[in-house]
1. Quick check, is Gln204 part of a helix (DSSP H, G or I), without any contact (Cβ under 8 Å) to a residue 60 or more places away in the chain, open to solvent by 60 Å² or more (accessible area, probe 1.4 Å) and in contact with a Gly (Cβ under 9 Å, 6 or more places away or on another chain)?
2. Scan the stretch 117-136 and tell me whether some residue there is acidic (Asp, Glu) and over 20 Å from the mean Cα position of the chain (by Cα).
3. Residue check: is Ala197 in contact with a strand residue (DSSP E or B) (Cβ under 6 Å, 6 or more places away or on another chain) and of a type in the set (A, V, I, L, M)?
4. Does the stretch 99-116 hold any residues that are more than 19 Å from Glu162 (Cα to Cα) and either without any contact (Cβ under 8 Å) to a residue 24 or more places away in the chain or over 20 Å from the mean Cα position of the chain (by Cα) (or both), and which are they?
5. In the stretch 47-72, which residues are open to solvent by 50 Å² or more (accessible area, probe 1.4 Å) and modelled with pLDDT under 95?
6. With (1) part of a helix (DSSP H, G or I); (2) under 26 Å from Pro72 (Cβ atoms) as the list, and His232 as the residue in question, which single condition is left unmet?
7. Within the stretch 139-156, is even one residue under 16 Å from the mean Cα position of the chain (by Cα) and free of Cβ contacts under 8 Å to residues at least 40 places away in the same chain?
8. Quick check, is Ile226 among the β-branched types (Val, Ile, Thr) and open to solvent by 30 Å² or more (accessible area, probe 1.4 Å)?
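The values are calculated or read from the model by the stated rules, or taken from the named source; none is laboratory data. Since this is a predicted model, take the numbers as computed values, not measurements. Every residue, glycine among them, receives a Cβ derived from its backbone with ideal geometry; neighbour counts consider all protein chains shown. These area figures cover heavy atoms from the full protein model, side chains too; ligands, DNA and RNA do not enter into them. Shrake-Rupley method; radii C 1.70, N 1.55, O 1.52, S 1.80 Å.
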Amino acid sequence: MQLVTTRAEATQFSLSEQSLGKKVGFVPTMGALHQGHLSLVHQSIRQNDSTIVSIFVNPIQFNNADDLKKYPRTLDNDLELLESEGCNMVFAPSVEEMYPQVPTESYSFGLLEQVMEGFYRPGHFNGVAIVVRRLFDILRPHRAYFGEKDYQQLVIIRKMVEQFQLPVETIGCPIVREPDGLAMSSRNRRLAASERAQASFIYQNLVFAQGNAGKLTVKDLKNEIIRRFQNHPSFRLEYFEFSDSSSLQPVDDWNDAANIRAFIAVYLGEVRLIDNIVLKETRV
């Protein structure tokens, strides 16, 4: 496994692989890797001849400076994991390497970025789009892999690929969960032991929503979930939405969309966690 830190080296590696007729898969991460990330790496290895993983804590997608400061950084351990999994190259640039000048790109995703994460984290998706577009331009992969825990991000990246007709296939991969249902996240390691013991409450309520979609009205089910969190002192609910899986817009009735997910963002102590679950899915 090669470790490179410059854009030029990363491009050279990818183009060299492609010159040999190899398909290149790419997994963008911010490090602090867990089994959720590794599931993306596994899928890339299965579907491609060469797999590249980036490790870069992207400062411009954080709208909270304290959150950026506290984001876990475990590069040595990450590299050991990726080597053992069969990754071919890791691109771990510095902030100065990725942004030699202050980035000025501006992306627009319409209604997709005006709800949920986009509403509560202004500028977040512009920062995500900037770094992902730059990584695509540097690495030029055939396929890129994203976890569905950040489902809104996946939809927006696919929109960016469509807008600019980028030659990369974006592949969403299922959420990987702990045995108690908590979605795997690098932020989980910031939870105190007492908080971690309660964290499965998030998934329990998503499963409750999944089991009662169609039995209760959208309004009644949403109010019940909100009530449950209001009655749990350890949690502070930021949003809970039932949304069209494609447009990400809220639904008022179960018949409003063919595909519906429940989305949640909640604080447990000082740690902000997000998750989602399929409520209704129509296969074509």
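1. Yes; evaluated as a whole, the condition is true for this residue.
2. Within the stretch 117-136, none of the residues are acidic (Asp, Glu) and over 20 Å from the mean Cα position of the chain (by Cα).
3. Answer is no for this residue.
4. Tyr99, Pro100, Gln101, Val102, Pro103, Thr104
5. Asn63, Asn64, Ala65, Asp66, Lys69, Lys70
6. (1)
7. Yes, the conditions are met somewhere in the stretch 139-156.
8. yes
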